[in-house]
Amino acid sequence: MATTVRRAQLTLPAAPLGPDNPLPALRAPDGVHALDERTRRELPRDTARQAGYEPLRSLLPVRVRDGYGRERPERELEAVVIENGRLRVTVLPGLGGRIHSLVHLPTGRELLYRNPVFQPANLALNGAWYSGGIEWNIGATGHTTLACSPLHAALVPAPDGAAMVRLWEWERLRDLPFQVDLWLPEDSDFLYVGVRVRNPHERPAPVYWWSNTAVPESPGTRILAPADEAWHYGYERNLRRIPVPAWQEADRTYPLNSSHPADFFYEVQDTARPWIAALGPDGHGLAQASTGRLRGRKLFAWGAGAGGRRWQEWLTEPGTGGYAEIQAGLARTQLEHVRLDAGAEFSWLEAYGPLEADPAAVHGSDWAAARGAASAALDEALPAAVLDAAYEAWRRGAADTEPGERLAAGSGWGALEVLCGGHELPGTPFEEATLEEEQAPWLDLWRSGVLPAPRKVAPPGPALVAPHWRDMLETAPADPLTEYHLGVAQWHAGDVAQAVRSWERGLALAPSRWPLLRCLAVADTLAGAPERAADRYAEAFDDLAAESRGGEAWTAAEAALGGEAMTALLAAGRLAAARGVWDRLRPALRERGRFRLLAAGLLAAEGHVGAALRLFEEGFEIPDLREGEDSLTELWSTLTTRRLPPAYDFRMHP
């Protein structure tokens, strides 16, 4: 059967994403992937070097996505379906280009963990993320900021002349364009995925890439890779080398044998072909292989403990089976960023498809025989030479081909960067027609040297922070809005003193003071001045409450600033001021789970422990609870010695 590509509608219970957080993300992400110095000294030299290379100072210029809830009405999602008679691939270009489903048609097997709902949760670098399928993680350590964002998509001729789907976008954390090409050779049991990341700038850039595949998890699911050792990373921020498969009296290649969530980064043998597979009790499952550039392989297991099980439930709906993740990346671990020189690119080819190996060998006690059986089955199903040849054919004959029929549109940020930077990017056009309202003031700044004042009173729009935008802001007329954006760009560059001076200059003449006061409050907090930060947060929220109007953007601003202000005021012991913020919140905001938790903390601090406990007993959910966040556990332990109720148990470590 010839390969076909068609548009489709996927109907799912789906939580709306809601508005983005309008406050600039000045803080570094609250990631759990961090190392102490002692651990760093014990790492291989290349891993230690890359683990310290260009960590994020903030999430700028990306905005936090925390406006979603947990109500899931049915809605239709735009999908693209690729099919060749052997595989059916369902892609969601509007949600990060995620491969939602990969069905082996002769057997009817779904090879991926296919989430029956779309439920965002706070696991991406910038918040909203959802589980299931195959995702493309680019940017920095963690799930990509594009997890719930649209990508550009179009049809392109594949190397064999059939139809290929190209996904592309501009990754804003590192200012890099990338593309993902998906095609099914005729009669092939494997989906081919060509990936390219380019650096069009005159300076080197740090690159992070991990392809993340969710696979169904059962007590008999085993993860196999060409490795005898792995680097174990738990949520105690400790990376240690361990043997594979058994460690601490349990075979860790079975995901449910871990009690708590953990990463296992396999030490793939230098001479081995890079691959990873998840095979069930019958020896059937999914294999992922790649050309040599994509060297890293990893297993993430939620584990069998209460916290991991609760997270699995949180990400889907009751009665849905669990999943584990098998991943492939540019480096040994996900704590690393790899240098990409100016004008250079990284590219490789991946393949995903069904694998069948002798179950007695796969699940036997001889690890060498188990991985050997899987490796031999993969070599028969997809020889390494075939994959290498396919990569060369794609890279030479298809990667630069200009897209044809458009299937979906991404953001306008790439078009702005290409227009202003004059970049030539064959195969990934970022066309001026994709520019939108968010890019309009920055286009005016580039053309006229002036950042225009907004036409109506509203929270400030998104910031841009790259060096060329900072240079333009420094030479633009110094009105309060320009000083605000200049301070954000200076903050991102690490020039905290200049950022504070810019915000203070803007504050003197600003008709809307709260955005600048909030930035100064964050600076005070990180400078170890909680009392001054509390004063500024209180003043900022008063100013916002007086200025706020109706509409989604203002509600999002009140929620974001109100949450930060109450947290800072409680930390400073300013209970009356925290109560003042609570009293001025919109009633609908007070019912949100995040504010119910803050209210419980305020009641407890005021001495009303019983009232705080009643809030827990009445029940609430925090849609944007962060992976690894211990706020529920910590507050509960100050209120009572009773066991934490299962509904609130999201603990990621013992």
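The values are calculated or read from the model by the stated rules, or taken from the named source; none is laboratory data. These numbers were taken from a predicted model, which means no experiment stands behind them. Heads up, the Cβs are rebuilt from the backbone with ideal geometry, glycines too, and the neighbour counts pull from every protein chain shown. Note: areas computed on protein heavy atoms with side chains; ligands, DNA, RNA excluded. Shrake-Rupley method; radii C 1.70, N 1.55, O 1.52, S 1.80 Å.
List of remarks:
- Note on surface exposure: 638, 39 rank 638, 39 by accessible area, highest first, 1.4 Å probe.
- Counting protein heavy atoms only, region 30-91 has 41 percent of its accessible area on carbon and sulfur, 1.4 angstrom probe.
- Local electrostatic count at residue 290 - Lys and Arg +1, Asp and Glu -1, tallied over other residues with Cβ under 11 Å: +2
- Distance histogram in 20 Å bins (all Cα pairs of the chain, percent per bin): 18, 52, 28, 2
- Note that region 94-104 has calculated 3J(HN,Hα) couplings of x, 10, x, x, 4, 7, 7, 8, 9, 9, 7 Hz, one per residue in order, obtained from phi through the Karplus relation 6.51 cos²θ - 1.76 cosθ + 1.60 (θ = phi - 60°); glycine and proline are x.
- Helix 480-492 and the longest principal axis of the C-alpha atoms of the chain enclose an angle of approximately 40°.
- Relative contact order of region 451-538: 21 percent, from C-alpha pairs under 8 Å at least 6 residues apart in sequence.
- Candidates per GluC sites (Glu not before Pro) in region 97-189, loop by DSSP, up to 15 other Cβ within 10 Å: 186
- With a simple spin-label model that places each label point 7 Å from the Cα along the Cα-to-Cβ direction, the separation between residue 9 and residue 37 comes to 6.0 nm.
- For region 1-110: rounded, prolate or oblate by the Cα gyration tensor [a/c cutoff 1.5]: oblate
- Cut-off under 5 Å, modelled amide H: who pairs with residue 128 long-range: 65
- Once the C-beta distance of residue 447 and residue 614 is scaled by a Förster radius of 60 Å, the resulting FRET efficiency is 0.55 to the nearest 0.05.
- Relative frequency of Cα-Cα separations exceeding 21 Å in region 291-431, percent: 68 percent
- Residue 187/residue 402 FRET efficiency (R0 35 Å; Cβ-Cβ; nearest 0.05): 0.80
- Surface accessible to a 1.4 Å probe, per residue, for the residues of region 344-500, Å²: 44 Å²
- Note, ³J(HN,Hα) from phi for region 393-398, Karplus 6.51, -1.76, 1.60, rounded to Hz, x at Gly and Pro: 5, 5, 5, 7, x, 9
- Backbone geometry of region 146-155 corresponds, through the Karplus equation with coefficients 6.51, -1.76 and 1.60 at θ = phi - 60°, to 3J(HN,Hα) couplings of 8, 3, 10, 10, x, 10, 5, 9, 7, 8 Hz, x marking Gly and Pro.
- Here the relative contact order of the chain, from alpha carbon pairs under 8 Å that lie six or more residues apart, stands at 13 percent.
- To put it simply, the accessible area of region 184-334 at a 1.4 Å probe is 47 percent carbon and sulfur.
- Compared with the dominant principal axis of the Cα atoms in the chain, helix 530-547 is inclined by about 80°.
- Cα long-axis angle, helix 367-381 against the chain (0 to 90 degrees, to the nearest 10): 80 degrees
- Ranked packing of 593-603, 381-391, most packed first, by mean Cβ within 10 Å: 593-603, 381-391
- In whole angstrom, region 65-200 maps to an equivalent ellipsoid with semi-axes of 25, 20, 12, each derived as √(5λ) from the alpha carbon gyration tensor and ordered largest first.
- When peptides 111-119, 199-207 are ranked by their average number of other Cβ atoms within 10 Å per residue, the highest-first order is 111-119, 199-207.
- Accessible area of region 468-600 belonging to carbon and sulfur atoms, whole % at 1.4 Å probe: 54 percent
- Heavy-atom surface of region 123-183, accessible at 1.4 Å and reported per residue (Å²): 14 Å²
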